[in-house]
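Input: a single structure, listed below in structure tokens.
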Amino acid sequence: MKQIYAILTLVFTASFVISPALTSPFSGFRADQLPIPQIEPPIQPEGYAFAIWGLIYGWLVVSAVFGMIKRAKDTGWDSARKPLIASLAVGTTWLAVANASAVWATVLIFVMAATAIWSLMRAPKRDIWLFKVPVGIYAGWLTAASFVSLGSTAAGYGIATGALGWAYIGIVGALIVAGPVLLRTAAPAYGLTVIWALIGIIVANGVQTWTVSALAGAGVLTLLALIATMRANGRSVPS
């Protein structure tokens, strides 16, 4: 079937969107999941920031339905669909895994992020608003979320440093990934979503943990500068 990748994208988008209704709610790793409980770790954005999942779910559904109806046999779409299918398939199981194991949840969210970024890099040059933008938002949030998961889990096992140290490591790690991806894909939607997560970290920490807020703020300015530079050079696409 020539439209197999379009079908699989629609199926796994649906399973990904439905999965929260089939698992226990997840709002961070429970105290009993880590040897050193992580209650509101400094790497974690303020709760409101997670509302972006509504946008991600909705736009991915629109993309998958449009792709099935209008681009079912499009080879350009298929090239980007393959890694996206992998990301969505892993994502369908993620909430259930996260409620059972912080370590495996961290491993899987990096797999989700890597394959989402791969899909973004292969995004078709047409239908930007219906593929590159929604996948960019999805990949941007996963980039930030993967380092939030890493920071919480590593601090929870007392690896190398504590929660504050892992907040610094997590922010820097996310920026080390996000900068090159933003430059490679010229996708402002990706960069703006990472910025959304960083602002959530600033709000969560405020002046109480001002060093984390300052580092996240520096990250926001860095990504904004990259986006502005791309726009000035005519490389960016609408976000």
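The values are calculated or read from the model by the stated rules, or taken from the named source; none is laboratory data. Everything numeric here is computed off the predicted structure, so don't read it as measured data. Here the Cβ is made from the backbone with ideal geometry for all residues, glycine too, and neighbour counts use every protein chain on show. The area values use the complete protein model at the heavy-atom level, side chains included, leaving out ligands, DNA and RNA. Shrake-Rupley method; radii C 1.70, N 1.55, O 1.52, S 1.80 Å.
When you check residue 141 against the structure, is it touching a helix residue (DSSP H, G or I) at 6+ places or on another chain (Cβ under 9 Å) and among the hydrophobic types (A, V, I, L, M, F, W, C), yes or no? Yes: the conditions hold for residue 141. Only residues that are over 17 Å from residue 129 (Cβ atoms), part of a helix (DSSP H, G or I) and open to solvent by less than 50 Å² (accessible area, probe 1.4 Å) were counted across segment 57-80, and they come to 2. Does residue 54 fit the bill of being free of Cβ contacts under 8 Å to residues at least 12 places away in the same chain, assigned to a helix (DSSP H, G or I) and not hydroxyl-bearing (Ser, Thr, Tyr)? Yes, satisfied.
Run down 131, 110, 147 and say which single residue is hydrophobic (A, V, I, L, M, F, W, C), in contact with a Pro (Cβ under 8 Å, 6 or more places away or on another chain) and in contact (Cβ under 8 Å) with a residue 12 or more places away in the chain.
Result: 131 is the single residue among 131, 110, 147 that is hydrophobic (A, V, I, L, M, F, W, C), in contact with a Pro (Cβ under 8 Å, 6 or more places away or on another chain) and in contact (Cβ under 8 Å) with a residue 12 or more places away in the chain.
Among the residues of segment 84-110, those that are open to solvent by 60 Å² or more (accessible area, probe 1.4 Å) and either at pLDDT below 95 or not hydroxyl-bearing (Ser, Thr, Tyr) (or both) comprise 100, 103, 104, 107, 110.
Yes or no, residue by residue, for (1) closer than 30 Å to residue 124 by Cβ; (2) among the small types (Gly, Ala, Ser); (3) at pLDDT below 95:
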residue: 8; (1), (2), (3): yes, no, no
residue: 24; (1), (2), (3): no, yes, yes
residue: 28; (1), (2), (3): no, yes, yes
residue: 38; (1), (2), (3): no, no, yes
residue: 45; (1), (2), (3): no, no, no
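Checking the stated criteria, residue 202 turns out not to satisfy the condition of being more than 19 Å from the chain's Cα centre (by Cα) and not hydroxyl-bearing (Ser, Thr, Tyr).
Give the residues of segment 17-47 that are closer than 30 Å to residue 63 by Cα, part of a loop (DSSP other than H, G, I, E, B) and open to solvent by 90 Å² or more (accessible area, probe 1.4 Å), sorted by residue number. 25, 27 - these are the residues of segment 17-47 that are closer than 30 Å to residue 63 by Cα, part of a loop (DSSP other than H, G, I, E, B) and open to solvent by 90 Å² or more (accessible area, probe 1.4 Å).
The residue list 157, 190 contains one member that is touching a residue at least 12 places away in the same chain (Cβ under 8 Å), touching a helix residue (DSSP H, G or I) at 6+ places or on another chain (Cβ under 7 Å) and aromatic (Phe, Trp, Tyr), which is 190.
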